[in-house]
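The values are calculated or read from the model by the stated rules, or taken from the named source; none is laboratory data. In this text, all values refer to a predicted model and were calculated from it rather than measured experimentally. Here the Cβ is made from the backbone with ideal geometry for all residues, glycine too, and neighbour counts use every protein chain on show.
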Amino acid sequence: MSRTIKIFDTTLRDGEQSPGASMSVEQKVKMAAALERLGVDYIEAGFPVSSPVQFEAVKRIAQVLTKSTATALARCVRKDIDAAYDALKEAPKKRLHLFIATSPIHRVYKLKLSKNEILENIEHHLTYARGLFDDIEFSAEDASRTEPDFLYEAIRVALANGATTINIPDTVGYAVPDEFARLIRSIFENVPGMKNGDLSVHCHNDLGLAVANSLAAIACGATQVEVTLNGIGERAGNCSLEELVMLFNVRHDFMDYSTSINTHLLYPTSKLLQTITGLIVPRNKPIFGDNAFSHESGIHQDGVLKHRETYEIMNPDTIGRNSETLVMGRHSGKHSFKEKLEQYRIQLTEEQFEAAFRKFTEIADRKKEVYDEDIFDIISIILGGFSKGYELAHFHVYTGNDVIPTATVKIRKGLEEYIASNNGDGPVDALFQSIESALGIRTWLKEYIIQAIGTGQDAQGLVKLIMEIDGKEYVGRGTSTDIVEASGLAHLNAINRFLFSNGVSQLEYQEVDEP
């Protein structure tokens, strides 16, 4: 009989800790709604005590979720627990995720606490939290580098004082599968009470083993896995939701596990996250990468044409990646556009639908055919933009091989307009210089990537860049059939992220490490 594995998604908490991946409150709410439609069991909405915007985001998410359990992170600190309760109190289903580090290196250098003090801390704060929450997950941060005997003791104390789920994080991605499997197996053997609760794992991908370690833990009895969509997260990221779920789907003969995830919504949800965060997946990324279902070799192409399974182990339709591209153009109406959205179960308000259709007609006027990839991009822009940020109202670029490239821009924010003109080393640089002159801001370009959306000579160009502003990196993303315009949109997107991060979401509490 198939064993059901619970999916705990931390895209909105650990995933948002990726450099430059800050989200506004509205964006986090939209993403949470998409994750709930996807079928995620637990959605870790954020770390409420860390900032006012984090608190507001968790509160708003708690109000909109109806099926998924809203979860908030807290240290073993009373004000953290109180903030989590205040943010989650209106949620139909809520969970507290309480953590403290247990490894020697964290005890000595970060916490400066003895083993007994750690155990007392766990007992005291779980006892307090139990008066506010029925569902409490306890994480022993850096569990994979903790002495096994002490880890068992910490788990016993947590279970005895109200924890309903125990999470074992491989916080720095240090473990290897056989080692991690032994640890999980030993916990069940040495903590008898563990069989009465859920054992969860939270694996990081520093050595590329997050999915493998999670699978090893499941084979040894883990009942919950903590994941992020697209595998985003601290440093090299977390266990990838889509890779884990599709492993179960494709290799059901070998791994008899199931989840509540609707795989047909995986790809559309991934595309939404990519635009909201600006973090584009690599072309060779499993499941979602542009090359995942492409075949360059003539032998491979011939095999796929004769029988798809010769070189494809999954059908792209299974993840909502329609293999039959949508052909629409300037004469396609609202009815056809709405049908396509319904096909992918994309839900928009009437105002959002009208905005998306206007964007669609703009693209249709520029190119002969509009493909599914274009539709995904349009919807992602509508749901993922910074509504109060700067907009590129107008630009003009003068360039050539025997002239100095010059750009003029008009940037709008509300009723205010900013106009500037500047030259540069090429049309894109001239545009960037003009934008910065108009806004009085200085950036340093760290990374600049161009790729096509869809196919054909008139395909939209996607520009993804990383800008350093005031010593921190910010991701920007822009799309257009004009690559210079896409570059300007990406540049402004990075600036908007910088302004949002520093003007709205700057932490007012001390920075903390998280599992």
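Can T277 be described as touching a strand residue (DSSP E or B) at 6+ places or on another chain (Cβ under 9 Å), surrounded by fewer than 22 Cβ atoms within 10 Å (Cβ to Cβ), of a type in the set (V, I, T) and closer than 18 Å to I43 by Cα? No. Looking across segment 1-17 at every residue that is more than 17 Å from N262 (Cα to Cα) and surrounded by fewer than 23 Cβ atoms within 10 Å (Cβ to Cβ), the one that is modelled with the highest pLDDT is identified as Q17.
Mind counting the residues in segment 319-329 that are modelled with pLDDT under 85 and either out of contact with any strand residue (DSSP E or B) (no Cβ under 9 Å at 6 or more places or on another chain) or acidic (D, E) (or both)? Show your work before the answer.
Start the filter on segment 319-329 by keeping residues that are modelled with pLDDT under 85, which leaves 321-329.
Now narrow it down to the ones that are either out of contact with any strand residue (DSSP E or B) (no Cβ under 9 Å at 6 or more places or on another chain) or acidic (D, E) (or both): 321-325.
Number satisfying all stated conditions: 5.
So which of I435, I449 is β-branched (V, I, T), surrounded by fewer than 16 Cβ atoms within 10 Å (Cβ to Cβ) and in the same structural domain as D402 (by TED's automatic domain parsing)? Outline the logic, then answer.
Working: I435 fails: surrounded by fewer than 16 Cβ atoms within 10 Å (Cβ to Cβ).
I449 is the lone residue from the list that is β-branched (V, I, T), surrounded by fewer than 16 Cβ atoms within 10 Å (Cβ to Cβ) and in the same structural domain as D402 (by TED's automatic domain parsing).
Taking the options R95, R145, R185, name whichever one is out of contact with any Ser or Thr (no Cβ under 7 Å at 6 or more places or on another chain), among the basic types (K, R) and either assigned by TED's automatic domain parsing to the domain that holds R235 or under 30 Å from G208 (Cα atoms) (or both).
Details: R95 fails: out of contact with any Ser or Thr (no Cβ under 7 Å at 6 or more places or on another chain); R145 fails: out of contact with any Ser or Thr (no Cβ under 7 Å at 6 or more places or on another chain).
Only one candidate qualifies: R185.
Does segment 79-114 hold any residues that are without any contact (Cβ under 8 Å) to a residue 24 or more places away in the chain, surrounded by fewer than 16 Cβ atoms within 10 Å (Cβ to Cβ) and part of a helix (DSSP H, G or I), and which are they? Across segment 79-114, the qualifying residues are V108, Y109.
Look at segment 317-336: where a residue is within 24 Å of I261 (Cβ to Cβ) and in a loop (DSSP other than H, G, I, E, B) and a partner is charged (D, E, K, R) and modelled with pLDDT under 85, sitting 6+ places away or on another chain with Cβ atoms under 6 Å, you get N322/D372. Just wondering, is there one or more residues in segment 494-502 that are at pLDDT below 85 and assigned to a loop (DSSP other than H, G, I, E, B)? Looking through segment 494-502, none of the residues is at pLDDT below 85 and assigned to a loop (DSSP other than H, G, I, E, B). Screening segment 356-388 for residues that are crowded, with 18+ Cβ neighbours inside 10 Å and among the small types (G, A, S) and picking the one that is modelled with the highest pLDDT gives A356.
Here is a yes/no grid of residues against (1) at pLDDT 90 or above; (2) more than 30 Å from Q17 (Cβ to Cβ):
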position	(1), (2)
F395	yes, yes
T399	yes, yes
A407	yes, yes
G414	no, yes
A420	yes, yes
G424	yes, yes
R442	yes, no
K446	yes, no
E468	yes, no
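Considering (1) assigned to a loop (DSSP other than H, G, I, E, B); (2) over 21 Å from K28 (Cβ atoms), the lone condition that E243 does not fulfil carries the number (1). Hey, does segment 347-355 have a residue that's modelled with pLDDT of 80 or more, not assigned by TED's automatic domain parsing to the domain that holds I319 and not in a strand (DSSP E or B)? There is no residue in segment 347-355 that is modelled with pLDDT of 80 or more, not assigned by TED's automatic domain parsing to the domain that holds I319 and not in a strand (DSSP E or B).
What tally of residues in segment 204-235 results from selecting those that are out of contact with any Gly (no Cβ under 9 Å at 6 or more places or on another chain) and of a type in the set (K, R)? Looking only at that region, the number is 0. Is there any pair linking a residue in segment 57-78 that is under 20 Å from F138 (Cβ atoms) to one that is β-branched (V, I, T) and in a helix (DSSP H, G or I), with Cβ under 7 Å and at least six apart or on different chains, and which? Listed by first residue and then by second, the contacts come to A70/I61; A72/V58; A74/V49; A74/I81; C76/I122.
Identify, from the list I411, I404, I419, I441, the residue that is touching a strand residue (DSSP E or B) at 6+ places or on another chain (Cβ under 6 Å), more than 28 Å from E369 (Cβ to Cβ), hydrophobic (A, V, I, L, M, F, W, C) and not in a strand (DSSP E or B). Can you show your working first?
Details: I411 fails: not in a strand (DSSP E or B); I419 fails: not in a strand (DSSP E or B); I441 fails: touching a strand residue (DSSP E or B) at 6+ places or on another chain (Cβ under 6 Å).
Answer to the selection: I404.
Looking only at segment 207-236, count how many residues are in contact with a Phe, Trp or Tyr (Cβ under 8 Å, 6 or more places away or on another chain) and outside any helix (DSSP H, G or I).
Filtering segment 207-236 down to residues in contact with a Phe, Trp or Tyr (Cβ under 8 Å, 6 or more places away or on another chain) leaves 207, 213, 216-218, 220-221, 224-227, 230.
Still in the running and outside any helix (DSSP H, G or I): 207, 220-221, 224-227.
Residues flagged as in contact with a Phe, Trp or Tyr (Cβ under 8 Å, 6 or more places away or on another chain) and outside any helix (DSSP H, G or I) within segment 207-236 amount to 7.
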